[in-house]
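Accompanying notes for the structure given below.
We did not get these values from a lab; they are worked out from the coordinates using the rules stated. Note that this is a predicted model, so its numbers are computed, not measured. A quick note on method: Cβ atoms are made from the backbone with ideal geometry, for glycine too, and the neighbour counts reach across all protein chains shown.
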Amino acid sequence: MVSAGQYPPVNPVKFILLCLAGWMQREQQAVIDYLQEEIRVLKEAFGEKKPRFSDAQRIRLAAKAKKVKFGRLKEIASIVTPQTLLRWYREWVAKKYDSSRRRRRGRPTTPEEIAQWVVRMATDNERWGYTRIRDALMNLGHEISRDTVANILRCHGLEPAPERGKKTSWAQFLKRHWEVMAATDMFTVEIWSLAGMVRYHVFFVMRLATREVQIAGIADQPTGAWATQAVRSLCDGLGGFLSGCRFLIHDRDPLFGTPFDQVLASSAIESVRLPSRSPNLNAYAERFVRSIKSECLDQRVFFSENSLRHAISQFAEHYPRERNHQGLDNRIIRPEFVEPPQHGEVRCRERLGGLLNYYYRQAA
């Protein structure tokens with residue numbers, strides 16, 4: 001037994017600190033108990049539906065929860081579980097060091113300009129392989145690998161060079177032979193005469209490269225000899241409209257018979273006879289027929305052959321000199337001015353009583 005006189009003396013400062021710490025702990029516990037009860041009352045008042053937190057609110061709760069021990073957190077956390085609070089904290093820390101927005105995925109993509117040039121070169125040159133296209137791009141200052149060329153063509157659905165060269169479309173064939181190719185066709189116009197409605201046939205020829213049109217003849221009763229004579233005048237080597245052409249596209253009209261082909265062959269022009277019922281294969285000539293009818297012939301009533309010839313001749317002058325063509329990038333075939341004046345009085349040239357109009361600036 002230890003006698004009373006043997007107890008160590010009590011330090012009054014430590015005693016006061018212990019009492020103060022106990023009082024503060026009881027005060028903090030009372031505050032915590034009140035806050036927990038307040039949360040329970042709020043949950044009972046607003047139902048059991050969990051609130052939706054913003055990112056800023058999650059960060060604040062996670063930062064506070066990290067400083068509390070997990071066992072204690074299980075006792076005081078009431079809105080969300082301790083596991084959720086700690087998960088929010090881990091996500092917050094991970095987001096601080098997340099550089100995914102600044103990180104690129106793999107190799108950089110090929111610039112769109114280079115990809116367009118690769119596709120254009122492959123389309124314009126069907127027999128060019130990957131290496132040939134790569135070398136052509138180097139001439140333009142673009143250095144890419146052969147595999148990059150292959151990937152670009154694959155993404156655009158273009159086959160390798162051997163396969164592309166075996167498939168030549170009609171449009172590609174025409175484009176390769178623009179300068180030496182012409183097309184011909186006929187269309188009909190009804191004339192109201194004393195004998196009733198008379199159908200006239202208009203025979204024309206078009207050079208596909210320039211879209212220039214020559215009216216070869218107009219007749220109410222066309223024959224093979226008439227068509228042959230018309231094309232003979234066009235094949236004149238001294239300035240004929242078909243001079244320099246190598247191919248003439250036409251349909252299977254009986255007027256284009258053997259004598260017609262013989263006249264073309266004598267001028268070293270090959271007759272390209274199209275399959276039956278294939279107007280799309282002579283689309284440029286068909287488009288001219290649509291233009292002259294919709295813009296001129298369908299807007300007038302003809303009472304004589306002379307009035308028909310006058311209207312067609314006026315449109316034939318208007319078509320290459322005063323009309324913009326969408327197939328030629330909205331250019332005029334044979335413009336009056338190489339560089340249109342930017343200043344000057346605006347004038348209008350009328351044909352057929354204002355049916356065909358051309359607006360231009362008068363040169364100073």
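Computed quantities for the displayed model
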read-out: Ranked Leu328, Leu61, Leu248, criterion: other C-beta atoms within 10 Å, fewest first; value: Leu328, Leu61, Leu248
read-out: Taking Thr184, Thr148, Thr109, Thr81 and counting other C-beta atoms within 10 Å, the order from fewest to most; value: Thr109, Thr81, Thr148, Thr184
read-out: Scaled radius of gyration (Cα, divided by 2.2 N^0.38 Å) that the range 263-341 gives; value: 1.41
read-out: Rounded D (µm²/s) - the range 112-167, Kirkwood Rh over Cα pairs, Stokes-Einstein at 25 °C, 0.890 mPa s; value: 225 µm²/s
read-out: Euclidean distance of C-alpha centroids, the range 270-349 and the range 125-158, integer Å; value: 40 Å
read-out: Formal net charge of residues neighbouring Glu270 (Cβ-Cβ distance under 12 Å; K, R +1; D, E -1); value: +1
